[in-house]
Amino acid sequence: MSDHEVKMIVLSTDNLDESIQFYTETLGMSLKFRDGAHFAAVDGGPVTIALATAVDHPIHGQVVVGIKTADVDAAAKAVEEAGGGIVTGPYDDAHERRAVVYDNKGNGLVFYSPLAR
């Protein structure tokens, strides 16, 4: 079994309120949380649907797959060695270690691992 688990799909929006309304009212999904006017997470079952404006989207304008992994650095290195590209190399934000990459066909991925508390 892989130590990579798809946990999130990040979608771009230019109007968070409208996107939240679509997913909650039209599709009946529940809002997990909202961060101001730039990010929200909707309960998509085993995979969270993230709605993000350019402020918080890792590659705005693209669908990006969020993959939880035990070793962000190793995942980013493996992608690069296999012909993918690094958008933002491994770094720590307030809650997790992350790397934003393209796979070998130009699809956006975010590898992340929660930081130890």
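The values are calculated or read from the model by the stated rules, or taken from the named source; none is laboratory data. Quick caveat: nothing in here was measured; it's all calculated off a predicted structure. In this analysis, Cβ positions are derived from the backbone assuming ideal geometry, glycine residues included, and neighbour counts consider all displayed protein chains. Surface areas here come from the heavy atoms of the whole protein model, side chains and all, with no ligands, DNA or RNA. Shrake-Rupley method; radii C 1.70, N 1.55, O 1.52, S 1.80 Å.
Report, by residue number, each residue of the stretch 70-86 that is surrounded by fewer than 19 Cβ atoms within 10 Å (Cβ to Cβ) and closer than 25 Å to Lys32 by Cβ.
Looking only at the stretch 70-86, we keep the residues that are surrounded by fewer than 19 Cβ atoms within 10 Å (Cβ to Cβ), and these are 70-71, 73-74, 77-78, 80-86.
Correct list: Ala70 only.
So Asp17 passes all but one of these: (1) at pLDDT below 95; (2) loosely packed, with under 15 Cβ neighbours inside 10 Å. Which condition number does it fail?
(1)
How many of the residues in the stretch 31-85 are small (Gly, Ala, Ser), closer than 12 Å to Lys7 by Cβ and touching a residue at least 60 places away in the same chain (Cβ under 8 Å)?
Here is the first cut: in the stretch 31-85, the ones small (Gly, Ala, Ser) are 36-37, 40-41, 44-45, 50, 52, 54, 61, 66, 70, 74-76, 78, 82-85.
Filter once more, so that each one left must be closer than 12 Å to Lys7 by Cβ: 41, 44-45, 50, 66.
Of the ones still in play, those that are also touching a residue at least 60 places away in the same chain (Cβ under 8 Å) are 66.
So the count comes out to 1.
What number goes with the only condition from (1) farther than 18 Å from Asp17 by Cβ; (2) modelled with pLDDT of 95 or more; (3) of a type in the set (Val, Ile, Thr) that Ile59 does not pass?
With respect to (1) farther than 18 Å from Asp17 by Cβ; (2) modelled with pLDDT of 95 or more; (3) of a type in the set (Val, Ile, Thr), Ile59 is out only on (2).
Go through (1) surrounded by 13 or more Cβ atoms within 10 Å (Cβ to Cβ); (2) on the phi > 0 side of the Ramachandran plot one by one and return the number of the condition Lys7 breaks.
Unmet for Lys7, out of (1) surrounded by 13 or more Cβ atoms within 10 Å (Cβ to Cβ); (2) on the phi > 0 side of the Ramachandran plot: (2).
Which of the residues belonging to the stretch 53-68 are touching an Asp or Glu at 6+ places or on another chain (Cβ under 9 Å) and open to solvent by less than 30 Å² (accessible area, probe 1.4 Å)?
Thr53, Ile67
Report whether or not Gly108 is open to solvent by less than 60 Å² (accessible area, probe 1.4 Å), more than 12 Å from the chain's Cα centre (by Cα) and among the small types (Gly, Ala, Ser).
no
For the stretch 12-21, which residues satisfy the criterion of being assigned to a helix (DSSP H, G or I) and either at positive phi or small (Gly, Ala, Ser) (or both)?
Answer for the stretch 12-21, where residues must be assigned to a helix (DSSP H, G or I) and either at positive phi or small (Gly, Ala, Ser) (or both): just Ser19.
Among the strands (runs of 3 or more DSSP E) contained in the stretch 22-117, which hold 3 or more residues that are in contact with a Phe, Trp or Tyr (Cβ under 9 Å, 6 or more places away or on another chain)?
In the stretch 22-117, the matching strands (runs of 3 or more DSSP E) lie at 39-42, 48-52, 64-69, 85-92, 96-102.
Of the residues that sit in the stretch 22-52 and are hydrophobic (A, V, I, L, M, F, W, C) and open to solvent by 60 Å² or more (accessible area, probe 1.4 Å), which one is nearest to Ser113 (Cα to Cα)? It would help to see each step written out before you state the result.
Taking the stretch 22-52 and keeping what is hydrophobic (A, V, I, L, M, F, W, C), we get 22, 27, 29, 31, 33, 37, 39-42, 47, 49-52.
Add one more test, that the residue is open to solvent by 60 Å² or more (accessible area, probe 1.4 Å), and what stays is 22, 27, 31, 33, 37.
On the way: Phe22: 29, Leu27: 30, Leu31: 23, Phe33: 19, Ala37: 25 Å.
Looking at residues that are hydrophobic (A, V, I, L, M, F, W, C) and open to solvent by 60 Å² or more (accessible area, probe 1.4 Å), I get Phe33.
Does Ala94 satisfy the criteria of being touching a residue at least 40 places away in the same chain (Cβ under 8 Å) and either farther than 25 Å from Asn15 by Cα or open to solvent by 40 Å² or more (accessible area, probe 1.4 Å) (or both)?
No; evaluated as a whole, the condition is false for this residue.
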